[in-house]
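Input: a single structure, listed below in structure tokens.
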């Protein structure tokens, strides 16, 4: 089973890297770009076959290592493979 | 319209950061973890209302700035709002 974890800053948390991307896109001539936010994408291969157990385990990984839950949100997507 | 761009390393490109995450998860006691890959997630707000034009424009952004297409793949997801 494969898991994808999307980690992004919570609303209100400053994201200077996203801001820099937005400014650079504007400088390159792209128009009509509003807020840009940069986050992380982590893809994991899991031996666990049960979706519920896999989700529980990935949630645990997010809380313990992958995300800083003070300033970041995470979303988990599971896919068979 | 909102766009989410997922950027990940192409198959075969070494990903030391992903490897470090995998080793740390194993050290924390998580079992059955195979390959771990770390990528980027970029969320953009676009003034463009037409989905086709928006996708074209975001593809252009990926080619010019967001992704290093020599070693990275990108996937674009569009959502109204």
Qualifying positions in region A:4-23 - within 11 Å of chain B (Cβ to nearest Cβ) and either part of a loop (DSSP other than H, G, I, E, B) or in contact (Cβ under 8 Å) with a residue 40 or more places away in the chain (or both): A:4, A:5, A:6, A:7, A:8, A:9, A:15
Test result for residue A:76, assigned to a strand (DSSP E or B), over 20 Å from residue B:74 (Cβ atoms) and under 14 Å from the mean Cα position of the chain (by Cα): yes
Members of region B:36-51 that are over 15 Å from residue A:61 (Cα atoms) and either surrounded by 19 or more Cβ atoms within 10 Å (Cβ to Cβ) or at the interface with another protein chain (Cβ under 7 Å from one of its Cβ atoms) (or both): B:39, B:40, B:41, B:42, B:43, B:44, B:45, B:46, B:47, B:48
Restricting region B:48-73 to residues that are in a loop (DSSP other than H, G, I, E, B) and in contact with a strand residue (DSSP E or B) (Cβ under 7 Å, 6 or more places away or on another chain), the residue that is nearest to residue A:29 (Cα to Cα): B:67
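All of the numbers you see were taken from the coordinates with simple rules; none came from a lab. Note that the structure is a prediction, hence the values are computed from the model and not measured. Positions of Cβ are backbone-derived with ideal geometry, glycine not excepted, and every protein chain shown enters the neighbour counts.
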